[in-house]
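Report on one structure; see the data block that follows.
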Amino acid sequence: MPFSRLSEEREREAVDLGVFQGQAAVMLAIEHLNTGNGTMVKEVEGLDQRCAIKFTAEIFDTAYSQTSAVDTVINLISREPGTERLPSAFLGARWSSVSIPSSTVTGLKGYPQISPISTSASLDDKGQFPLFGRTIPSDASTAVPAILYLRNQLGVKHLAIAHVNDAYGDAYALGIQLAAEQYAPDMKVQSFSFDFDITEEIAERTIRQLKETNYRYIFGIIFSDVQYVPMMTEAYKQGIAGTGEHSWMFSDSVSPTFFDSQKFDVDSPVYKASMGASRISAVAGVEGNENFDTFFRSVNDLNNAEDIALIQSKHPTYDDPQYRPLQIEDNRDSFFDGFKSSTLVPFLYDAAIGLGLAACGAAGDDTYFDGTTHYETFKNTTFSGATGKNAFYQETGSRQANSASFIMMNVIEKERTGNLATLSPDVTDVFENGDWNSLKAFVFNDGSTVPHSDLPPLVIDKNYIGWAVRGIGLFMSFLILAFSVGLYFWTTTHRKTKVVKASQPMFLHMICGGCFLMATSMIFLSIDDEIASQGTCTATCITTPWFFCVGWILSFSALFAKTLRVNKIFHNPVAFSRIKVTMWDVIKPVVALLSTAVLILLLWTVLHPPVFSRGVSALDVYGRAQETKGTCDYTDSLPYAITLLVVLVGTLVYAVQQAYVARNISTEFAETEYIFLVLVAIFVTALLGIPVLLLVARNPGARFFAVACIVFLVNLAILCLIFIPKINQQRKEAERKKNVGNGNMRQTSFSIGSQRVSVSGVMLDTSEIESSGFQESRESDGESDGMKIIDNPRKVENLEQRIESLRIEIDVLRRRKQNTRLPSVFEASEEKSTEFDDEDEEEKSIEADKNEEENSTDVHKEDQSLDQFDEEFGGDQKSASGTSSVRNSSSSSGSHHLRVDMTGEVVEDLDV
């Protein structure tokens with residue numbers, strides 16, 4: 001044991017590290033073994049009756065020198081048998097650096113060596129140290145309670161280690177890493193070493209490496225009298241100590257006396273970095289522990305002249321006349337007070353007891369045993385000593401960690417005088433029987449008792465939709481809602497007007513309702529757990545498809561139903577025949593599609609409703625959740641979603657097909673031009689919107705915005721292209737009626753192919769007529785835009801053929817009734833035309849009237865024949881809105897009238 005130290009000048013000086021008290025403890029243990037005194041250790045009781053061995057001890061000073069220790073060992077084992085007493089085992093050394101070379105020699109020579117407090121984990125290597133054991137846990141075992149404290153008490157998952165690059169530091173650091181793997185597998189540990197002889201450059205590099213980890217808990221395996229000050233000063237300088245956000249824990253290589261034996265400037269880096277630091281170490285026990293208290297009562301019994309003289313006589317002797325060893329009588333009280341302040345003393349007592357019990361066990365009824373047997377018996381020996389229960393690992397001979405006691409010391413300010421303060425390590429937690437027990441609150445560097453995070457604060461991106469994006473989406477939704485409601489009431493208000501009646505008000509209402517529902521679905525889609533509970537969000541997961549799908553089907557089924565109705569009329573295989581298309585004929589596909597969608601949605605809602613959940617979407621470099629996303633889980637909903645998609649796309653495809661079939665039909669009836677534009681707008685929106693939607697699918701806010709824009713543009717296209725032309729036409733119709741009321745009528749004549757047609761009492765837009773291939777001449781009492789009349793080339797060709805056949809029939813009738821005028825086959829329902837195209841036509845009309853008076857007796861018969869003809873081709877063509885009279889003039893005598901229905905009634909009927 002190191003009783004003294006040689007200075008650089010080779011002068012010997014005494015040390016006060018509890019070694020002298022340790023010598024007394026060994027002598028006390030030998031006395032208990034030889035007398036069978038079980039006051040301290042029950043297993044020793046009556047040992048003198050069971051064991052014939054008598055124990056003695058020789059004390060040697062290693063003087064902190066490996067060479068001195070090895071030389072002493074060699075000298076002892078080289079004694080002559082029979083003439084000199086040979087040792088049976090060795091106790092010591094104190095330091096691992098001395099135990100390593102000495103135990104190498106003792107192991108090779110077959111002598112057990114038991115150390116009280118050499119903790120280096122390298123001594124567990126049985127290849128190098130086959131007979132080494134210890135009554136204190138190794139550094140690897142000490143690392144176990146350290147890891148348990150960090151993980152269970154402080155919640156640390158990230159730990160940085162700064163350790164001195166020697167056998168002690170390397171083994172301790174390795175022990176922490178191994179303990180973390182076993183007892184805290186989720187803890188990440190990074191280790192950095194530095195040279196024992198530290199410099200400012202080494203300190204700067206090591207602290208920089210620690211800082212780069214961003215870990216907030218650091219374990220320092222450094223020596224207080226060599227590396228502590230330069231390391232902690234640099235740590236404060238680089239901002240990883242004394243910040244209130246970092247905590248340092250030290251091994252037992254940092255002595256408590258470093259803090260309480262000096263005064264620190266409260267503004268110094270060392271003071272600020274040390275506040276709130278901690279120190280873990282193995283201890284014999286704490287006051288209140290039965291074994292611990294019993295041991296120190298036994299030690300105090302040595303405080304008598306006889307025992308003190310015996311202890312003093314066993315001190316090492318020196319050839320140096322200048323050196324005077326410690327004299328106990330010089331300060332007896334101080335000597336005995338040193339027992340409690342020394343960790344060495346109780347562990348050394350237990351080491352002596354363990355070797356004594358093992359020797360008796362190895363000897364049995366004999367007094368002879370070899371070193372290997374002695375060592376193996378020691379490893380299997382269990383007893384309750386001064387430091388508690390002693391049990392040893394069979395593989396290493398080191399004490400089991402759960403059989404020892406450890407304390408956690410918290411460095412706090414003890415007292416302050418002016419600008420100087422004394423620090424004191426205060427015991428806050430005790431590790432016994434495998435568990436940490438808290439004695440008082442631990443105070444951290446920031447002055448709080450709440451453990452801080454082991455990593456820098458993390459701002460979790462929850463990927464909410466966000467109020468800005470949500471606001472824009474809701475604004476677009478409310479625009480469509482307001483537009484839909486407004487157009488719905490406009491349709492209701494003008495339902496009796498010619499324009500709205502021609503467009504079927506029920507279908508217009510369906511379009512408004514569908515757009516309203518689709519816009520409402522965006523309101524539900526805008527809800528996430530930023531503004532609502534998880535239950536509410538789960539409800540919106542299924543509500544959104546309900547509103548969108550029903551709205552989509554209503555809107556597009558209304559579009560294709562309008563087109564389907566006109567297609568049934570204009571593509572009637574029997575030309576110029578009456579065909580009646582009821583509302584039920586075109587509403588059946590709408591009901592079928594809507595029923596299918598509702599059935600799928602009901603099954604989806606009842607059987608596999610989606611659930612809203614928030615999951616981790618990204619981790620940072622430390623494995624923490626950096627991003628989370630709240631989404632509706634549609635994992636089990638794929639069959640329903642695919643089926644609904646087929647229904648929705650089928651609705652759109654059917655609308656496209658009907659629009660294509662009706663591509664040449666008058667817009668006045670089928671609105672195919674605007675329906676086609678609606679479909680084009682949807683196609684363009686989908687072409688641009690779907691790729692964007694796929695790109696932003698992982699971002700809830702961007703995804704919501706993209707969906708909201710697509711729905712907004714689709715609904716806006718439907719409402720604008722379907723309703724705005726009707727609003728414009730309704731305004732023109734109102735203006736025409738106003739002009740009619742003021743007497744502003746117009747007579748118009750134009751050519752259809754080779755036929756000349758005149759129209760009276762109808763407002764015509766001549767620009768539309770000319771653009772459609774018609775030629776017109778007109779006389780007007782006032783200006784008016786009129787109503788657009790458009791027909792396709794096939795219709796014009798059919799009319800020309802029909803007019804030609806009528807001319808032939810009229811010629812036949814004229815020959816049969818030469819002196820009788822043929823009545824007009826087209827008569828105006830509201831008023832008789834009184835205007836003619838030019839003066840020649842007027843003269844012919846007057847002449848015809850005169851002939852009519854002369855031949856009035858034959859009119860009745862001819863009227864009957866022509867009434868039959870009118871009934872066949874004209875039917876019930878009249879309506880409440882009146883008809884327009886179109887006169888067909890030819891080179892032959894007589895005149896023909898073509899009556900065109902302007903009410904918007906969906907019939908194909910001509911009175912000829």
Go through region 63-71 residue by residue and turn each phi into a ³J(HN,Hα) via Karplus (6.51, -1.76, 1.60, θ = phi - 60°); whole Hz please, and just put x for glycine and proline.
6, 6, 10, 5, 4, 4, 5, 5, 4
Using 25 Å as the Cα-Cα cut-off, could you pick out the over-long pairs in 501/738; 211/462; 237/263?
211/462
So for region 213-255, using the alpha carbon gyration tensor with a ≥ b ≥ c as root eigenvalues (a/c under 1.5 gives rounded; past that, a/b versus b/c decides prolate or oblate), I'd call it oblate
Percent carbon-and-sulfur accessible area, region 248-407, ignoring ligands, DNA and RNA, probe 1.4 Å:
44
If each part is reduced to its alpha-carbon centroid, region 408-468 and region 326-367 end up apart, in Å, by 38
Counting only protein heavy atoms and a 1.4 Å probe, tell me what percentage of region 16-124's accessible area is made up of carbon and sulfur.
52
Please get the size of the charge dipole for region 271-415, origin at its Cα centre, with Cβ charges of +1 on Lys and Arg and -1 on Asp and Glu, quoted in debye to the nearest 20.
620
Place the peptides 589-595, 627-633, 226-232 in order of packing, highest mean first, counting for every residue the other Cβ atoms within 10 Å and averaging per peptide.
226-232, 627-633, 589-595
For region 68-140, what does the relative contact order come out to in percent, with C-alpha contacts under 8 Å and a separation of six or more?
28
Amide H neighbours of residue 414 under 5 Å, counting only residues 5+ apart in sequence or on other chains, H built in-plane at 1.01 Å?
422, 423, 424
Tabulate in residue order the Karplus-calculated ³J(HN,Hα) for region 302-311, using 6.51 cos²θ - 1.76 cosθ + 1.60 with θ = phi - 60°, rounded to whole Hz; enter x for Gly and Pro.
7, 7, 8, 4, 5, 5, 5, 5, 5, 4
Simple SL model, points at 7 angstrom along Cα→Cβ for residue 737 and residue 533; separation in nm is 5.5
For a test of the definition: using alpha carbon positions, the gyration tensor, and the 1.5 limit on a/c, classify region 297-422 as rounded, prolate or oblate.
oblate
Could you report the accessible area of residue 599 in Å², rounded to 10, computed with a 1.4 Å probe on the protein chains as they sit in the structure?
100
Largest-first ranking of 642, 59 by accessible area, probe 1.4 Å, whole protein assembly kept, is 642, 59
Region 319-408: relative contact order in percent, alpha carbon pairs under 8 Å with at least 6 residues between:
18
Amide H of residue 626: which non-local residues (sequence gap of 5 or more, or other chain) have their own amide H closer than 5 Å, using H built in the peptide plane?
618, 619, 620
In region 362-447, GluC sites (Glu not before Pro) in a DSSP loop with at most 14 other beta-carbon atoms within 10 Å
395
Return the long-range amide H neighbours of residue 138 (sequence gap of 5 or more, or a different chain), with a cut-off of under 5 Å between placed amide H atoms.
399
When each of 157/379; 340/379; 414/440; 314/379; 54/340 is checked by Cα-Cα distance, pairs over 26 Å
157/379; 340/379; 314/379; 54/340
With a 1.4 Å probe and all protein chains left in place, how much accessible area per residue does region 265-311 have, in Å²?
42
With a/c under 1.5 counting as rounded, go ahead and sort region 264-356 into rounded, prolate or oblate using the C-alpha gyration tensor (a ≥ b ≥ c being the square roots of the eigenvalues; past the cut-off, prolate if a/b is larger than b/c, else oblate).
oblate
On full extension of the chain, what length is gained from residue 394 through residue 482, given 0.36 nm per residue of separation minus the C-alpha to C-alpha distance?
23.2 nm
Using alpha-carbon positions, what is the distance between the centroids of region 28-50 and region 53-116, in Å?
24
Over what distance in Å are the Cα centres of region 199-231 and region 153-168 separated?
11
For the charge dipole of region 129-243, defined by +1 on Lys and Arg C-beta atoms and -1 on Asp and Glu C-beta atoms about the Cα centroid, which residue among 177, 136, 232 has the Cα displaced farthest towards the positive pole?
177
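The values are calculated or read from the model by the stated rules, or taken from the named source; none is laboratory data. Because the structure is predicted, anything quoted here is derived from the model rather than measured. In this analysis, Cβ positions are derived from the backbone assuming ideal geometry, glycine residues included, and neighbour counts consider all displayed protein chains. Just the protein is used for accessible areas: all its heavy atoms, side chains included, with ligands, DNA and RNA removed. Shrake-Rupley method; radii C 1.70, N 1.55, O 1.52, S 1.80 Å.
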